[in-house]
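Here's the structure we're looking at; comments come further down.
What follows is calculated from the coordinates using simple rules that are stated; it is not laboratory data. Note that the structure is predicted; figures quoted are calculated from it, not measured. Cβ atoms come from the backbone with ideal geometry, glycine included; neighbour counts cover every protein chain shown.
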Amino acid sequence: MLVKPLAKKKLWNLVSQDDEKAWPTENAITAVLENEGAKISRAIWDGTWTSEQFADAFKKIDAERNPINYVAFRKGTVIPTGQSSAAASGHRNTWRIGYSIPEIRNGYFGRAPEAPGRNCVGMGSKATDIEVSSIEASTTALRWSC
């Protein structure tokens with residue numbers, strides 16, 4: 001499988017359980033990485049959390065110091081009330097929330113002093129100052145690779 005080499009990388013994967021394509025795809029990718037011996041930290045977060053709650057959750061998963069972190073937003077927590085859940089709404093709203101979490105954006109791009117040596121590249125088609133990988137462009141989750 002094409003993703004096997006990623007087992008030796010540092011990754012931060014963020015997906016929503018509301019994303020009908022990315023959620024099962026990322027689960028399958030993560031299973032392959034795990035079978036290749038990768039150490040993976042996992043968590044389920046709530047897309048409606050405050051910035052303080054996201055910061056605490058980030059610190060908790062980052063403290064495990066595994067090279068791969070896989071976080072899923074709990075189903076029903078990324079799509080704003082009143083917005084349709086049709087089409088790619090779960091996908092787009094994952095980006096809306098994910099890129100608003102400074103600990104992920106800064107810590108995993110190597111810009112935060114508390115994350116020395118991370119210097120990661122973010123991947124996903126919403127990235128503006130970030131390199132997009134052809135591997136990641138074929139999936140629909142946010143992924144940062146170091």
Self-check item: Under 5 Å, built H, 5+ apart or other chain: amide partners of K75
Solution: Q17
Quiz item: Whole-Hz Karplus ³J(HN,Hα) for the range 90-105, in order, using 6.51 cos²θ - 1.76 cosθ + 1.60 and θ = phi - 60°, x for Gly and Pro?
Solution: x, 5, 4, 6, 4, 4, 3, 7, x, 6, 8, 8, x, 4, 6, 4
Quiz prompt | Under 13 Å, Cβ to Cβ, from S16 - net charge with Lys/Arg +1 and Asp/Glu -1 | solution = 0
Quiz item: For E34 and R96, FRET efficiency with R0 = 30 Å and r from the beta-carbon atoms, rounded to 0.05?
Solution: 0.55
Self-check item: Loop-located trypsin sites (Lys or Arg not before Pro) in the range 1-43 whose Cβ has at most 11 other Cβ within 10 Å (DSSP)
Solution: none
